[in-house]
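J.: Let me begin by handing over the structure; questions about it come next.
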Amino acid sequence: MSESAETTSKYVLQTVGFDARFPNTNQTRNCFQNYTDYFKCITAKGEDFAPCKQFKKAYNSLCPNEWISKWDDQRENGTFPASLEP
Amino acid sequence: MTKNYIKMNNKIKFQYFPYHLVDPSPWPILLSFSLLTFTTGAVLYMHGFNNGGLVLTLGFLLTSSGMALWFRDVISEATLLGCHTREVKNGLMLGVFLFIVSEVFAFLSVFWAFFHSSLSPAIEIGGSWPPLGITPLDPFAIPLLNTILLLSSGAFITYGHHALIAGNRKAAIDGTLLTIIFAILFTGLQYYEYSEAGFTMADGVYGSAFYASTGLHGLHVIVGTIFILVGFVRIVNYHLTKSHHQGFEAAIAYWHFVDVVWLFLFLAVYFWGGA
């Protein structure tokens, strides 16, 4: 139990800051851009490359979970609508 | 006695106004029902209902034959009965231009659909235009050739029109015939390009927007070609004179409209939308 208390205390609830590319209230494109950028990033630099995690944080904060699982499925089936080549 | 009778008869038939009071005709009501059948058939067919294609074909045949029979009457009134006075011709030409304005707005709606989908592509197509996996047509291959063909046909019809006004029968026939040949070449090349294209109307918004816009234009090219063909046959048959050829001028106006729409299609859909 002490471990879970520790993680809870370390966990920082954080939303993404303002991005000048997506000034509108609707953040759909912001979410989508970060999702594709994350997979481009890890393809180029590997999953352990720390700066890539920023994209993952951003899309996890912005995207509805339903969309993320839908896009994960699409990537597996090769039907994701955007190129993920860096 | 006979002379008196002719005098009397002319007096009775003389019209003190320049307008054409049309005779009762079955075509308006027939065409109303034909068009209803045509549109209903189109909806049934496109939504996959049973025998939708049959209703659509019936509607098309009724509408086109109804139009042919109506226009045949108009030709009789114009060429044989002399009903088309200057005032009547003004009214007809006003009708033609109002019709073309309504066509402009029909094309505006498909252009709107195209720009709606392409200027800010949805994330469902990956936020890019053309979408991933679509290989657009090269605008500088057949589409550029078609632009040249259509613009040339516009020049030929002007040549034919001016020859008609000048009373040069041979040049009028040649110019109009060349227009028709170039128009048919255009349609043939569009057909070839459609059959070679790597996308269909049903596989995404790119194909839908592409075929809806260029297809609507293609239909107008076919109608315009038939319109000019009617003018051509009427020149050959001595229906049209240097000062009385309203139907031909309507066809010319329609053809130029179709030509201008193509230029916008070429710039927007083929060149900008395919890059």
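The values are calculated or read from the model by the stated rules, or taken from the named source; none is laboratory data. The structure displayed is predicted, hence computed values, not measured ones. Note that we place each Cβ from the backbone using ideal geometry, even for glycine, and neighbour counts take in every protein chain shown.
J.: Assess whether B:SER25 counts as being at pLDDT 95 or above, closer than 30 Å to B:HIS84 by Cα and not in a helix (DSSP H, G or I).
T.: Criteria met by B:SER25.
J.: Here's something else I'd like to know. I need a count of the residues in segment B:94-137 that are under 19 Å from B:TRP262 (Cβ atoms) and either assigned to a helix (DSSP H, G or I) or within 12 Å of chain A (Cβ to nearest Cβ) (or both).
T.: 18
J.: From the list B:GLY167, B:GLY133, B:GLY175, exactly one residue is of a type outside the set (Phe, Trp, Tyr), under 15 Å from B:GLY274 (Cα atoms) and out of contact with any strand residue (DSSP E or B) (no Cβ under 6 Å at 6 or more places or on another chain). Which is it?
T.: B:GLY133
J.: Now for a separate question. Looking only at segment B:224-267, which residues are assigned to a loop (DSSP other than H, G, I, E, B) and surrounded by fewer than 18 Cβ atoms within 10 Å (Cβ to Cβ)?
T.: B:ASN237, B:TYR238, B:THR241, B:LYS242, B:SER243, B:HIS244
J.: When the residues of segment A:64-86 are filtered to those that are surrounded by 15 or more Cβ atoms within 10 Å (Cβ to Cβ) and assigned to a loop (DSSP other than H, G, I, E, B), which remaining residue is farthest from the other protein chains (Cβ to nearest Cβ)?
T.: Applying the filter and picking the extreme gives A:LEU84.
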